[in-house]
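Working notes for the structure below.
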Amino acid sequence: RGQITIPHLRALKDAGTPIVMVTAYDYPSARAAEAAGVDIVLVGDSGAQTVLGYPSTVPVSTDEMLVLAAATRRGTTTALLVADLPFGSYEVSDEQAVATAIRFVKEAGADAVKLEGGGVMSVRRAAAVVAAGVPVMGHVGLTPQTATALGGYKAQGRNADSAIAIARGALALQEAGCFSLVFEAVPNAVTAALMPRVGIPVIGIGAGPDTDGQVLVFHDLLGIRDGGGARFVKRYADLQQAMNDGVAAYADDVRSGAYPTAEHGYSIDPVQLARFTE
Ligand code: KIV
Ligand code: NA
């Protein structure tokens, strides 16, 4: 298939064809996303936790995210590649946001960037980055970079004021020129009420069935983690167990002498061996 573009995503929305988005952080995860024909690959700052082992998304740096994004780019051929702007890389000023976004495009080959929040600051930064020529995906509802201010990792929009804030943010981000939005951990009914008012593709995660598409974290859907994860996660494999089992079987074989055997070794001509050992 051909390259997925922003107009193509809009056409999928208009046709009512669900848009598939998944995170990836390196070459093999990008290859898996490509093999499945997903539409959007997100180099999420969730990689701070899933591949870098930080306790939250807050500590990850732009330089670290650029390494993940560049590796993902090398494995992504047709999907639209979106990179998260990490916490602290866009809040300070419009100039900072534009400079960071341009790094993701020039140094990592991202097609677009995503930034969190629907408040005044985030909307301004989105508009500035769009004006600089970098497509922006917005992200409202649960925004993990500012989870402390939201009262923790929990669903948003569960009372009228909170739902109104999500609606205002979504519409303001659309007005700022975002090409798409993520709704994270928002009640299904709030999403359903908002969808008729949003003209750009909305990708949900824990936002119910009425969005234009869905996103899940690669490591969550494949079970590369300890524990279950959020309510919205559906697990399609248990790869952490498969990895543990595979490495344990290798360790057993080394310790028992079952590995390596003759088939894993190289040979040498006996005459040459005799000359070598004499
Ligand atoms: O970082 C991430 O994985 C995300 C998605 C959950 C939308 O932002
Ligand atoms: Na993110």
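Out of V134, V82, V105, one residue alone is within 16 Å of ligand 1 (Cβ to nearest atom) and either small (G, A, S) or under 19 Å from the mean Cα position of the chain (by Cα) (or both). It is V82.
Residue-level check: of (1) in a loop (DSSP other than H, G, I, E, B); (2) more than 13 Å from ligand 1 (Cβ to nearest atom); (3) closer than 15 Å to F87 by Cβ, R1 misses just (3).
Results for (1) assigned to a loop (DSSP other than H, G, I, E, B); (2) away from ligand 2 (no atom under 16 Å from the Cβ), shown as yes or no for each residue.
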| site | (1), (2) |
| --- | --- |
| G133 | yes, yes |
| Q156 | yes, no |
| L173 | no, no |
| I200 | yes, yes |
| G208 | yes, yes |
| G227 | yes, yes |
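When the range 33-49 is filtered for residues that are among the charged types (D, E, K, R) and near ligand 2 (Cβ under 9 Å from one of its atoms), only D45 remains. Screening A167 on (1) within 16 Å of ligand 1 (Cβ to nearest atom); (2) free of Cβ contacts under 8 Å to residues at least 60 places away in the same chain; (3) surrounded by 16 or more Cβ atoms within 10 Å (Cβ to Cβ) shows it passes everything except condition (1). Condition (residue is within 28 Å of P18 (Cβ to Cβ), out of contact with any Leu (no Cβ under 9 Å at 6 or more places or on another chain), outside any helix (DSSP H, G or I) and away from ligand 1 (no atom under 15 Å from the Cβ)) applied to the range 58-76: is it met by at least one residue? Yes, the conditions are met somewhere in the range 58-76.
When the range 220-267 is examined, which residues are found to be more than 30 Å from G47 (Cβ to Cβ) and either touching a His at 6+ places or on another chain (Cβ under 9 Å) or surrounded by 10 or more Cβ atoms within 10 Å (Cβ to Cβ) (or both)? So that I can check it myself, show each step before the final result.
We begin by selecting, within the range 220-267, every residue more than 30 Å from G47 (Cβ to Cβ); these are 252-267.
Within the range 220-267, D252, D253, V254, A258, Y259, P260 qualify.
Being away from ligand 1 (no atom under 12 Å from the Cβ) and surrounded by 16 or more Cβ atoms within 10 Å (Cβ to Cβ) is the filter here, so list the residues in the range 33-51 that pass it. The answer is A33, E34, V38, D39.
All of the numbers you see were taken from the coordinates with simple rules; none came from a lab. All values derive from a computational prediction rather than experimental measurement. Here Cβ is always computed from backbone atoms with ideal geometry, including for glycine, and neighbour counts include all displayed protein chains.
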